[in-house]
Amino acid sequence: SREKVPFISFVLGGPGSGKGTQCAKIAHTFGFTHLSAGDLLRTEISSNSEKGAVILETIKQGKIVPSEVTVDLIRRAIESSKNHKFLIDGFPRSEENRIAFEKIMGAEPNFVLYFDCPEEEMVKRVLCRNEGRVDDNIDTLKKRLKIYESLNLPVINYYLAKGKVHKINAVGPEEEIFEQVHPIISSYEG
Ligand code: UP5
Ligand code: MG
């Protein structure tokens, strides 16, 4: 039983644009709960469920996991939290994802953060990262970038047209990027 309607920010941007890095800072500074859709899916893979095997294959191919799977994981995380402020990182990745979320949750995000990063910078960051992610290789990354452009950018454009997007220049030191993010989040506080 929830006392408050959740306050939700979608955090969007391409692979390696710095969504996770900045979400950690926002969560720490402003008390949001950080829900990375990718992390929720990777946790499901680790659970060795039948669903996990399908998710693993999808992620290896850089494709988008069926909306009902991802929305269900996000919904459960929101509903089991005592917090009411959420960053949903890396979701929705397609118009289909967006529509499924809005239908199942009966809510739109309060605002959207969009980390705008040139492709060559994203490639450099992802290929330098060394966390053993099955999708951090050049072949999968090329597919992720294609899917980002064809399916995720339309979602960003949808929310741009609604005036909900805060676009951030994602190139530069992490701390300087957070200096752009901080006043945006502050403007929604209190
Ligand atoms: N880094 C961060 N900031 C930096 C800076 N300012 N300067 C230099 N380096 C910086 O950062 C990436 C790397 O860059 C790190 O090494 C970091 O230290 C460094 P990070 O903050 O991790 O970027 P992020 O945008 O979070 O990159 P990530 O790779 O996580 O983004 P993706 O959107 O590709 O990955 P995600 O985990 O969201 O999704 C993975 C896959 O899951 C998808 O491809 C898809 O197959 C599946 N998925 C779905 O199907 N549905 C979903 O809803 C979500 C995911
Ligand atoms: Mg991430």
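Read the figures in this text as sums done on the coordinates, not as results from a lab. Here the structure is a predicted model, which is why all the values come from computation and not from measurement. Here the Cβ is made from the backbone with ideal geometry for all residues, glycine too, and neighbour counts use every protein chain on show.
Suppose R0 equals 22 Å; then what is the FRET efficiency for Y158 and E68 from their Cβ-Cβ distance, rounded to the nearest 0.05?
It comes out at approximately 0.60.
Taking the Cα atoms of region 110-190, what is the range of coordinates along each of the three principal axes, in descending order and whole Å?
In descending order, the Cα extents are 43, 29, 19 Å.
Counting Lys +1, Arg +1, Asp -1, Glu -1, what net charge surrounds G31 among other residues with beta carbon under 14 Å of its beta carbon? Don't skip to the end; give the middle numbers.
Values: positive: K4, K25, K82, K85; negative: E189.
With Lys, Arg at +1 and Asp, Glu at -1, the neighbours total +3.
Please list 165-172, 49-56, 18-25 highest first by mean number of surrounding beta-carbon atoms within 10 Å per residue.
On the way: 165-172: 17.1, 49-56: 14.9, 18-25: 20.1.
So the peptides 165-172, 49-56, 18-25, ranked by packing, come out 18-25, 165-172, 49-56.
Roughly what would the spin-label model give for R76 and K146, points 7 Å off Cα along C-beta, in nm?
Simple spin-label model gives 3.2 nm for this pair.
Cβ under 11 Å from L141's Cβ, L141 left aside: what net charge do those residues give with Lys, Arg +1 and Asp, Glu -1?
Values: positive: K124, R125, R129, R133, K142, K143, R144, K146; negative: E119, D135, D136, D139.
Cβ neighbours under 11 Å give a net charge of +4.
Under unit Cβ charges (Lys, Arg +1; Asp, Glu -1), what dipole magnitude, rounded to 20 debye, does region 1-52 have relative to its Cα centre? Please list the in-between numbers first.
Details: 6 positive and 4 negative charges, 33 e Å.
Rounded to the nearest 20 debye, it is 160 debye.
Filter the GluC sites (Glu not before Pro) in region 150-190 to those in DSSP coil with at most 11 other Cβ atoms within 10 Å of their Cβ, and list the result.
Working: sites: E174, E175, E176, E179, E189; in loops: E189.
Those that pass, being in a loop and sparsely packed, are E189.
For L127 and N110, compute 0.36 nm times the residue count separating them, minus their Cα-Cα distance, and round to one decimal in nm. Working shown, then result.
Values: separation 17, 0.36 × 17 = 6.12 nm, distance 3.29 nm.
Once the chain is fully extended between L127 and N110, it gains 2.8 nm.
At 7 Å along Cα-to-Cβ for each site, give me the label-to-label distance between S46 and N169 in nm.
Label at S46, label at N169, 3.7 nm between them.
About its Cα centre, what dipole magnitude does region 25-115 give when the only charges are +1 on Lys and Arg Cβ and -1 on Asp and Glu Cβ, stated in debye to the nearest 20?
Numbers: 12 positive and 12 negative charges, 54 e Å.
Once rounded to the nearest 20, the dipole reads 260 debye.
So what's the net charge close to F111: Lys and Arg +1, Asp and Glu -1, counting the other residues with Cβ under 13 Å from its Cβ? Write out the running numbers ahead of the final one.
Values: positive: K85, K162, K164, K167; negative: E108, E189.
Around F111, the surrounding residues sum to +2.
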